[in-house]
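Colleague: My questions all concern the structure below.
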Protein chains: 2
Amino acid sequence: MNKTTNSGERIARISSKLTALRVEGILFFDMKNIRYLTGFTGSDGFLFIGEKGIFLLVDGRYVTQAKQEVTDCNIIEYRDKVDGIAMLISDHNMKVIGFESSALTCDTYLKLRNRLNDVTLEPLSEEINSIRAIKDIQEIDCIKKAAAIASQALQLVMNSIQPGIRERDIALILESKMKELGGETLAFETIVASGYNSALPHAKPGSKEIENGDFVVVDYGIVYQGYHSDETCTVAVGSVTQKQRETYQIVKDAHDRALDAVKDGISCREIDRIARDHIEKAGLVQYFSHGTGHGVGLEIHETPTISSKSADYLTSGMIITIEPGVYIPNLWGIRVEDMVVVERDGCEILSTVPKHLQITY
Amino acid sequence: MNKTTNSGERIARISSKLTALRVEGILFFDMKNIRYLTGFTGSDGFLFIGEKGIFLLVDGRYVTQAKQEVTDCNIIEYRDKVDGIAMLISDHNMKVIGFESSALTCDTYLKLRNRLNDVTLEPLSEEINSIRAIKDIQEIDCIKKAAAIASQALQLVMNSIQPGIRERDIALILESKMKELGGETLAFETIVASGYNSALPHAKPGSKEIENGDFVVVDYGIVYQGYHSDETCTVAVGSVTQKQRETYQIVKDAHDRALDAVKDGISCREIDRIARDHIEKAGLVQYFSHGTGHGVGLEIHETPTISSKSADYLTSGMIITIEPGVYIPNLWGIRVEDMVVVERDGCEILSTVPKHLQITY
């Protein structure tokens with residue numbers, strides 16, 4: 001993604017909201033939002049967008065990098081972050097400042113509160129959390145590329161999922177293949193969970209060996225130019241019982257129905273309900289212990305949230321996952337996940353591994 | 001590490017502090033602290049240690065895992081974290097609660113504040129941040145093993161650092177080797193920064209090819225049983241100028257002098273001063289733009305901080321890095337880092353790659 005193409009436009013979008021939000025400026029602390037708004041890829045610092053100017057403040061480690069990466073901001077070095085914030089605000093004599101409350105620790109907040117006792121600090125998080133939800137065309141291209149790399153890698157290593165190989169070795173082979181194909185870093189720690197481990201939705205790959213009759217849940221993704229992919233395949237090894245086959249189909253159908261409903265304007269709660277209802281009809285809803293999906297982008301979990309409590313609505317250009325699952329404690333689990341871009345009348349699926357039940361021999 | 005061996009003793013150590021801290025209990029939010037105290041390795045949840053009991057609260061994804069991993073706590077499932085905290089505190093009619101303010105977002109804090117307006121929420125962070133600083137023997141063994149895996153991996157792939165290979169490919173080969181040797185996950189994103197990139201202390205490995213005459217800064221680490229390693233080697237490729245050779249020696253000597261001073265009871269500020277003074281005498285202190293080191297353990301950065309502003313003192317059993325560096329903008333940079341365990345009269349070095357100037361051909 002050409003960062004300089006969009007950073008001015010993205011900053012302007014924030015600047016235009018200051019009056020409506022009744023603040024003189026907004027402090028950003030989330031490094032992904034800072035990257036989105038400025039192009040800066042360092043791991044620490046903060047950004048101020050306000051009437052008095054745009055300032056990116058970083059510590060000594062990042063001054064050179066910030067000057068290379070960022071063109072639309074004044075770059076200032078600080079020694080201590082709280083000092084840096086306090087000085088910026090008092091030097092410019094500002095009195096009402098919005099801040100990204102979801103990305104600030106309570107500790108730093110209380111220190112700032114103490115230092116700036118004549119300044120109103122207005123927590124903004126919902127207003128800000130959604131700024132990255134709708135992706136532009138360059139972003140969609142990056143995520144599409146990340147998804148393609150990941151899916152291709154899994155298909156190339158699928159035949160390694162055999163009795164006798166350890167979960168962690170499958171993860172390692174898959175991760176190496178994703179990087180070999182151009183992936184930057186892992187989108188998250190790869191999950192390879194087999195047999196009874198597959199009943200843990202977030203298991204870590206361990207030294208358990210794959211056995212005949214196992215379900216193997218592989219939840220994996222890679223980062224391309226900062227953008228994440230996310231996909232889950234559940235593969236059967238050697239043989240499946242009738243019960244496993246039926247349950248797989250229930251999860252797959254829940255996934256397909258939710259996917260079919262995705263389009264601009266629908267509520268995220270409705271998408272979750274469609275998946276959950278299908279699993280409920282099969283009497284398995286108590287084993288579907290998480291939400292149906294989430295946005296993906298510069299972070300692996302972004303706005304919107306697709307769950308029974310979500311207040312979000314889908315909009316064209318959002319990239320989301322659809323990932324229902326059923327986990328029978330101590331026996332086995334199944335999750336089927338695709339990543340899609342929301343369109344006016346439907347969606348485009350970005351992850352490309354087929355989701356019918358695959359049995360490796 | 002056998003988690004069940006120590007979790008009772010560690011929780012008891014916290015419980016014994018409640019009276020002195022004048023709270024009825026403490027809410028923990030940092031997942032590494034929760035792992036340290038209970039053995040739970042999930043990625044979300046919170047822990048309450050109080051007079052009324054020990055409670056680990058997790059969402060639906062983690063109930064089964066928590067029951068498998070944790071023996072010393074009551075395990076409770078929540079749907080919403082703020083609801084879960086509020087109910088726990090009000091059900092037990094508690095009025096003064098300490099909480100881990102460095103690990104709670106301001107957003108959640110403000111929601112809790114709002115829900116629990118008759119409860120005093122006492123921010124505790126310095127009291128808590130140091131609980132993991134002194135490692136027990138099992139922890140030291142894990143970190144020693146992580147360091148040994150990492151150092152061995154680098155030595156096995158050292159001869160790949162050749163003109164023509166890309167930075168990211170060196171990172172990939174090194175990462176695969178560390179995992180092959182038994183490493184769990186990367187301790188952090190590997191840095192392989194060559195030539196002008198080496199002047200950026202936190203550069204990401206890119207598609208730049210290694211060239212003759214480059215310094216290549218390799219900052220890398222692996223996780224073993226949850227515990228991190230951290231080491232940096234700066235390797236010269238093909239040839240070095242007299243200036244590069246001299247500057248390497250200055251950084252190496254600063255590193256050695258700081259290392260020689262490490263022992264129980266010394267202030268972290270003094271360690272930083274020793275390294276910084278040596279670099280200052282060479283007229284290069286403006287290019288040493290970060291602290292001298294940090295604690296390492298379940299996280300890559302832990303208490304203590306070794307910098308000119310640190311208030312910490314070294315104590316036997318702490319594991320720290322010593323990592324001075326000099327970065328000449330747009331030209332090249334050098335960092336030399338070892339990880340050591342503090343002892344009564346000195347330290348034991350855990351990272352094992354020799355730190356004299358190595359030139360690969």
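Quick note: the coordinates plus some simple rules give every number you see, no bench work behind them. All values reported here derive from a predicted model rather than from experimental measurement. Neighbour counts run over all protein chains shown; Cβ positions are idealised from the backbone, glycine included.
Colleague: Below 8 Å between Cα atoms, with a sequence gap of 6+, how large is the relative contact order for the stretch A:137-360 in percent?
Modeller: Rounded, it is 24 percent for the stretch A:137-360.
Colleague: Using the Kyte-Doolittle scale, find the helices of chain A whose mean hydropathy is at least 0.0 and whose Cα atoms extend 24 Å or more along the helix's long axis, counting only whole DSSP H runs.
Modeller: A:137-157
Colleague: Could you pull the copy-to-copy label distances for B:E209, with points set 7 Å along Cα to Cβ, in nm to one decimal and sorted shortest first?
Modeller: Copy-to-copy label distances at B:E209, shortest first: 4.4 nm.
Colleague: While we're looking at this one, here's another question. Quick one: P(r) of the stretch B:3-131 from all Cα-Cα pairs, 5 Å bins, percents rounded to integers, in order of increasing distance.
Modeller: In order of increasing distance, the bins hold 2, 11, 23, 26, 22, 13, 3, 0 percent.
Colleague: Place the label 7 angstrom along Cα→C-beta at B:D264 and in each other copy, then list the distances from the first to the rest in nm, shortest first.
Modeller: Label-point distances to the other copies, shortest first: 7.0 nm.
Colleague: For chain A, set up a GNM with springs between Cα atoms under 10 Å and report which of A:V216, A:V82, A:V326 has the largest fluctuation.
Modeller: Among A:V216, A:V82, A:V326, the largest mean-square fluctuation in the Gaussian network model of chain A belongs to A:V82.
Colleague: Then there is this: Run the dipole for chain A about the Cα centre, Lys and Arg Cβ at +1, Asp and Glu Cβ at -1, nothing else charged, and hand back the magnitude in debye, nearest 20.
Modeller: Around 200 debye, computed over chain A.
Colleague: Using alpha-carbon pairs under 8 Å, 6+ residues apart, how would you state the relative contact order of the stretch B:3-131 in percent?
Modeller: Here the relative contact order equals 23 percent.
Colleague: In nm, one decimal, shortest first: how far is the label point of B:S43 (7 Å from Cα along Cα to beta carbon) from the matching points in the other copies?
Modeller: 1.6
Colleague: Continuing with this model, one more query. List the residues, sorted by chain then number, that are 5 or more residues from A:T105 or on another chain and whose placed amide H is less than 5 Å from its amide H.
Modeller: The answer is B:C106.
Colleague: Can you give the helix-only mean residue ellipticity at 222 nm for the protein assembly as shown, where every DSSP H stretch with n ≥ 4 adds -39500 (n - 2.57) and the sum goes over all residues, rounded to the nearest 500 deg cm²/dmol?
Modeller: It lands at -10500 deg cm²/dmol.
Colleague: Using just the Cα positions, wrap the protein assembly as shown in a convex hull and report its mean projected area in square nanometres, one decimal place.
Modeller: 29.9
Colleague: Is the C-alpha gyration tensor of the stretch A:120-159 telling us rounded, prolate or oblate? Criteria: a/c under 1.5 is rounded; beyond that, a/b larger than b/c is prolate, otherwise oblate.
Modeller: Prolate, since a/c reaches 1.5 and a/b exceeds b/c.
Colleague: Sticking with this structure for a sec: Less than 22 Å apart at the alpha-carbon level, and either on another chain or at least 8 residues along: which lysines does that give for A:K32?
Modeller: Output for A:K32: A:K3, A:K17, A:K67, A:K81, A:K135, A:K144, A:K145, A:K179, B:K204.
Colleague: At each listed q (0.10, 0.11, 0.12, 0.15 Å⁻¹), what is the log10 of I(q)/I(0) that the Debye formula gives for the stretch B:137-360 modelled as equal alpha-carbon point scatterers?
Modeller: Debye curve over Cα of the stretch B:137-360, log10 I(q)/I(0) at q = 0.10, 0.11, 0.12, 0.15 Å⁻¹: -0.40, -0.49, -0.58, -0.92.
Colleague: Further, regarding this structure: Work out the length of the dipole vector of the stretch A:3-132 about its Cα centre, built from +1 on the beta-carbon of each Lys and Arg and -1 on the beta-carbon of each Asp and Glu, and round it to the nearest 20 debye.
Modeller: With Lys and Arg at +1 and Asp and Glu at -1, about 180 debye.
Colleague: Rounded to whole Å, give me the distance from the Cα center of the stretch A:59-86 to that of the stretch A:216-233.
Modeller: 32
Colleague: To continue, here is another question. State the antiparallel share, in %, of DSSP beta bridges confined to chain B, rounding to the nearest 5.
Modeller: 75
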